[in-house]
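Novice: I'd like to ask some things about the structure below.
The values are calculated or read from the model by the stated rules, or taken from the named source; none is laboratory data. All of these numbers come straight from a predicted model, not from anything done at the bench. Don't worry about glycine lacking a Cβ; one is built from the backbone with ideal geometry, like all the others, and counts go over all protein chains shown. Areas reflect the complete protein model, heavy atoms only, side chains present, ligands, DNA and RNA absent. Shrake-Rupley method; radii C 1.70, N 1.55, O 1.52, S 1.80 Å.
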Amino acid sequence: MRTTTSPLVTARRSRQPITIADSFGGWATTNTPREELGAFLRSRRERLTPGELGLPVAPRRRTPGLRRAEVAELAGISGSWYAWLEQGRVRTSEQVLRSVARALRLDEAEAAHVLSFAEENSAPSDRRARWVSMNLLSLVDSMTPNPALVIDPHWDLLAWNPSYAALLTDPARLAPEHRNLLWLVFRWPPCRDLLVDWESEARVLLGQFRAKAARSPGDPRYAEIVNAILADPDAARWYGDRETAAFHPAVKHFRHPVVGDLRLRYVKLAAVDEPSHHFLAYLPDDSAAEAGVRALVAGAPHVS
């Protein structure tokens with residue numbers, strides 16, 4: 001009887017270092033993002049059958065699951081383009097990936113995974129579409145009257161409730177490239193009066209952003225945001241000092257022109273089902289703040 005020796009045992013006997021690829025049967029994370037996407041799409045294509053999608057079933061199909069041409073037709077793209085997509089040879093836009101996800105009948109988690117590989121061909125300032133799950137949107141809405149929002153890794157605002165719009169300003173009224181936490185703090189003038197400790201808050205926020213952006217030096221959106229805020233003299237001076245900071249929950253003191261002083265606890269949570277997104281909420285720190293946030297959504301006009 002033939003026996004096999006596991007890679008782990010072999011490594012121990014030979015005193016060779018064990019790797020993840022060895023211990024998991026040759027699997028290794030050496031694929032490029034495009035190759036990883038292609039492998040995932042192929043695995044989902046091969047698990048479907050033509051019958052599930054109402055397609056004619058040939059008596060002798062050599063290809064497991066659907067053919068590439070069938071997926072391409074369902075997604076409304078060319079067969080060669082879909083083949084290149086699985087081979088990791090082409091750039092992928094969000095629009096194409098959404099079509100492919102629908103064609104492959106991906107569930108919410110699988111679709112989110114596929115969309116995370118989107119590569120936009122447009123200029124950084126034109127990349128506005130961001131996908132937020134119904135779960136996060138519902139959570140933001142359910143936080144009312146407490147202000148809440150969802151941000152992406154660049155701190156661009158993806159979703160917000162009416163309370164947040166009333167506390168600061170409605171992001172929908174801003175140009176898309178200005179819907180960003182850092183831009184609001186440094187380039188939206190009312191913020192300096194709205195935040196009682198504006199300088200301290202602004203320096204900490206800038207330090208957090210600098211530490212985050214430093215880990216992605218080639219990211220064009222980070223560069224776009226930095227260029228925008230450096231037009232502010234304070235931001236330019238502090239950014240030149242190369243200060244960094246880490247996030248810590250804190251109480252933010254607002255002086256709102258309509259509802260008065262508000263002390264709100266600033267909470268930031270990572271979304272497990274959407275790792276690139278964060279959920280932010282401003283919770284009342286005292287009874288006066290509780291009354292204040294209720295007044296925000298009771299018809300009080302927002303700052304403009």
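Novice: Being at pLDDT 90 or above and of a type in the set (Ser, Thr, Tyr) is the filter; apply it to region 182-239 and report the residue that is most open to solvent (accessible area, probe 1.4 Å).
Specialist: Ser200
Novice: Test of understanding: among Ala103, Ala118, which residue is modelled with pLDDT under 85, in contact with an Asp or Glu (Cβ under 9 Å, 6 or more places away or on another chain) and buried (at least 18 other Cβ atoms within 10 Å of the Cβ)?
Specialist: Ala118
Novice: Thr144 versus (1) modelled with pLDDT of 95 or more; (2) under 20 Å from Ala295 (Cα atoms): which is the lone unmet condition?
Specialist: Every listed condition holds for Thr144 apart from (1).
Novice: Looking only at region 156-169, decide whether some residue is part of a helix (DSSP H, G or I), out of contact with any Cys (no Cβ under 7 Å at 6 or more places or on another chain) and free of Cβ contacts under 8 Å to residues at least 24 places away in the same chain.
Specialist: No, region 156-169 contains no residue that is part of a helix (DSSP H, G or I), out of contact with any Cys (no Cβ under 7 Å at 6 or more places or on another chain) and free of Cβ contacts under 8 Å to residues at least 24 places away in the same chain.
Novice: Next question. Determine, yes or no, whether Arg263 is farther than 20 Å from Arg179 by Cα and within 27 Å of the chain's Cα centre (by Cα).
Specialist: no
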